[in-house]
Structures are given as C-alpha cells and as structure tokens.
Amino acid sequence: MGKVLIPTTETWPKTADVVVVGGGMVGVATAFWLARAGLSTVLLEMRGELGSLTSAQSIESFRAQFTEPAMCELALQSIAIHENFADITGLPGYDIGLRYSGYLFVTDDPALAPSLKAAVGKHRELGVTDSEYLDGAEIRRHFPYISETAVAATFRQRDGAFSSHSVLQGFVQGASAAFLVGTRVTGIASDAAGICAVETDRGTIATRRVVNAAGPFAGIVGKMAGVELPLTPMRRQKAYITPKPQIPQDAPLVIDVGRDAYWRPETGGAFIAWVDPDDAIRQPSEHLPTEWDFAANTLDKLIPLTPFWEEVCAGLKHKDVLLSAGQYVYTPDDQPLIGPLPEAPGLYLNCGYWAGVMLGAAAGKRVADLMTGVMDPQDNALRPTRYAEGVVSAGDSFLRGHH
C-alpha cells in the first residue's frame, strides 16, 4: 500500500530511483506504474492533499470517441484499466463507480453533419466499432429531450463516467510508492550526466530520473530543469446545478459541438460547462476565480438543443448553482507530451492534457514502459521530440476547447 505523508526529517527519503512531480490523476497513476515496475518511487505534491487541484475539477467522464490515433489508443487502454481496476491494483472488490451512460455529440448546424459522419468513420479505423452516426429522427427517437432542430449526432453507449477520486485513491492504495504531500519542488539539479537531484522546501532527494506530471505547473517545473516546454494552461469553468425534476437522469453526456457547450446528469442535478477558447486566464494558479455569469452564459448555449433547460432556468436561484474552475493544458497539436526529453537527460514528461483524468491511467503505464525499456520510444507517437522531428498532426477531436 502506498504511503501518503507529510514528510519529517525522520521519514525524508534521501534517494529514489525516480521522483514524480505532481499529485493529480496523471502523476499518481505514473507513480503506481513506476513502483509496479520495481522502481523505488517518490511522488511530490505541493498541496496538502492528492488530486485536489485540476483533477478535482473534472466532470469525471471518459470516452473512446477520439479521431487522433494516439489519443484514441490511450483512451482505449485507460478504459481497459478502469474496467479491470480492482484486479490491476490488487484491491478485491474495489469500486470506481464505472457506468456506461454514453456520450452524445450533437448539432443543429447542417454544415457540421459531414464532420460528425466523418468522425464515426475515423472511429472505425481506430478500432472503436460501436460509435454510431444518428440523423435528426434517430436522435429524437433515442433522446426525446433533444430539440427538433438537431440534425446530426454521434453516440457511443460504452462511453461514460466514473469516480475519478476513487480511481486516484485506488492507485495510491495499490502502489508501493511514497506520496509526499505539502512538499513543494523548488529546483531540479543536474551534473555532467544529467539530472541528479530534486530540491524541495523540505529537503533534497538524490535521483537520476524525474517525471514532470505537474499539470498546469509543468512549464514551471520544466524551467527548473532548464527547458522551455510548449504548454499553455487555460482556465476551464464548470457549474453544478442542484437537483431539478426537469433534468433527465438517464441522459448521456450531451455536447453541442457547434457551441462547445455540454452537460451531463449528476445525482439529480447536472454538471454544465462550455469551453471558451479565448479565456484570458492563461497562467498556472492554485486559486482560480469564477465568473458570476458563467452559468447563465452556459445555459444560454444549452437551451437551443436541450430546451428543458429553459424551464429549469425559470425557477433557478443563486443557491442552486455551484461554480468551480480548473485548468486544461494545451500543446501545439492539442495532444500530451509523454516520454523522455533528450536535452535534459533523466527528465520524462507526462503533461499537456486537456483530458488528463480520462487518459491518465494508460499514460502513467506508458511512462513506466518507456523508462524500463518495455516500449520503444519510436513507438510512442506522443514523444516530446515529435515537433523537432516534424511528425505532428493537429488534433481535431470535438470538445477539446481549442481552435
């Protein structure tokens, strides 16, 4: 079982085979797989609790409906890990709340219909054979609360939701790593052979390998190792609407692909959000403000395709809306950076996510496989060197929130 502790002088680990920086879903999953591979692993989290920053703001959903081969591969591998989570972590009967509630990408814009149809074709090419293209009549037959203006959609029933908190805690419980909270990294030291230590506000750990899984702070950690990473963090807000009888609780995650707005039912109410590509907050922060009119703007975008929200709005009070915010992190091709960085020997990246909670399980395993030689670096399409190599294709999945 993993140890989660605020370290003292007595419990401070002076050395480690590998140090993971960042205690969100991606970092914790990485630490699990590194320890499973037999490496003495220490994870450092600056906050007092694991998974308390960006991971905590997730709407806890997963999908295989990606059109980028590398993203789809990670998604399918992560889903397989989640489906066998209790066995993989060695925690009999452990429940992560996995449910196949589905993802529905829908539009009322005829100009977007060809893109939706093409997406299903791409899913087939990538091995996701159970997504469907729906026309307007089929949409309304399956989902009667969708507006008659809807003209096209893609749907996959085996996309869905899970408890990200349970997944993260399961990785911790199943790991033989040490998870040090309340421990802030202040520097990364190098010598002629590469990285040699991680410096923190509590002490120094000698190590030859560091994994940068610091989420929105990954750019800052990169600079400590002397590298500039192509990362742009951006604020992403969401609102929880408290239980209302009009909200269909058997609905999938419904995404209006034209307006980049979405909602899904949750415990009688719903999560609602939209992704604003022009959000002005683009600096990493532990304390992100929310905009008072965010929920109203989101509902405005949801009403055209799911008109029951208009009735919800009519009786909505301030206390019925709970706002929060996290951060996505974008790269030039909207896909994460995973693997070693040759210009900083010993530094591995696992960062640059706008879908970290759903992809973290497999991404962590990939880092371990790369570090231990199980995976050839050239088989890893998400290697950080892809830009210099000129093997980049921009992402085009729906709802990535970056145009």
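Ignoring everything except DSSP H segments at least 4 long, calculate the 222 nm mean residue ellipticity for the chain; use -39,500 (n - 2.57) per segment, divide by total residues, nearest 500.
When only DSSP H runs of four or more count, the value is -7500 deg cm²/dmol.
Just to be sure I understand the model, the point goes 7 Å from the Cα along the line to the Cβ. What's the resulting Asp300 to Tyr387 distance in nm? The two pseudo-label positions are separated by 3.5 nm.
The trypsin sites (Lys or Arg not before Pro) of segment 202-283 that DSSP puts in a loop, and whose beta carbon has at most 16 other beta carbons within 10 Å, are Arg282. Qualifying GluC sites (Glu not before Pro) in segment 124-200, where qualification requires a DSSP coil assignment and no more than 13 other C-beta atoms within 10 Å, comprise Glu148.
Let me have the relative contact order for the chain, percent, based on Cα pairs under 8 Å that are six or more residues apart.
Normalised by residue count, the contact order of the chain is 24 percent.
Each label point was placed 7 Å from the Cα along the Cα-to-Cβ direction; for Ile220 and Ala193 their separation is 3.1 nm. Taking every alpha-carbon pair under 8 Å whose residues sit at least 6 apart, segment 1-84 reaches a relative contact order of 23 percent.
For the chain, lysine pairs separated by 8 or more sequence positions, or belonging to different chains, with Cα-Cα distances below 26 Å total 15. With each label modelled as a point 7 angstrom along the Cα→C-beta vector, the Asp279-Ala137 pair spans 4.1 nm.
Reported to the nearest whole Å, the Cα centre-to-centre distance from segment 81-150 to segment 157-198 is 30.
Computed from the coordinates by the stated procedures, all read-outs in this text should not be read as laboratory data. Computed from a predicted structure; not experimentally measured. We place every Cβ from the backbone using ideal geometry, glycine too, and count neighbours over all the protein chains shown.
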